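Below: the structure, in structure tokens.
The values are calculated or read from the model by the stated rules, or taken from the named source; none is laboratory data. Because the structure is a prediction, the values reported are computed rather than measured. Cβ sites come from the backbone with ideal geometry, for glycine too, and all protein chains shown count toward neighbours. Protein only, heavy atoms only, side chains kept; ligands, DNA and RNA dropped before computing areas. Shrake-Rupley method; radii C 1.70, N 1.55, O 1.52, S 1.80 Å.
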Amino acid sequence: MSDDIALRLGRAIKRARAEAGFLQADVAGVCEVSPQYLCDVENGRRLPTREMRERLASALGIPADALHALAAELPGVAYQCATSGLRTIEDAAAFADLVNAALARMQREGEDR
């Protein structure tokens, strides 16, 4: 699920960039990130933070709310993990799986008492 949302967010950013006639390097420079980072975002491999979505929206001339709305569809734990230091969607999903497994175990242990 989160992969689909990250990909949709990335495609929306890529489409807005193409429609504005900007190169990745142009937008990356304005946003003070590497072109590789922007490429990863556009291909759904990385999730931009709220601040980065605002910078991207400003550089592209689109409402930041549109990007925030897409990002808000991510499950809470996966989104928080992805935007707080984990480098890829896969890392965030793996961490979310670990958290969910730990919570399930804790719940089962509580039921056994």
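Miscellaneous remarks
- Those residues of the range 1-24 which are open to solvent by 60 Å² or more (accessible area, probe 1.4 Å) and assigned to a helix (DSSP H, G or I), in sequence order: Asp3, Asp4, Arg8, Arg11, Lys14, Arg15, Ala18, Glu19
- Scope the range 44-65; condition in contact (Cβ under 8 Å) with a residue 12 or more places away in the chain, closer than 18 Å to Ala20 by Cα and assigned to a loop (DSSP other than H, G, I, E, B); matching residues: Gly61, Ile62
- For Thr83, the criteria (1) polar (S, T, N, Q); (2) open to solvent by 50 Å² or more (accessible area, probe 1.4 Å); (3) modelled with pLDDT under 85 hold in every case but one, which is (2).
- Gly10 touching a Gly at 6+ places or on another chain (Cβ under 8 Å) and not aliphatic (A, V, I, L, M): yes
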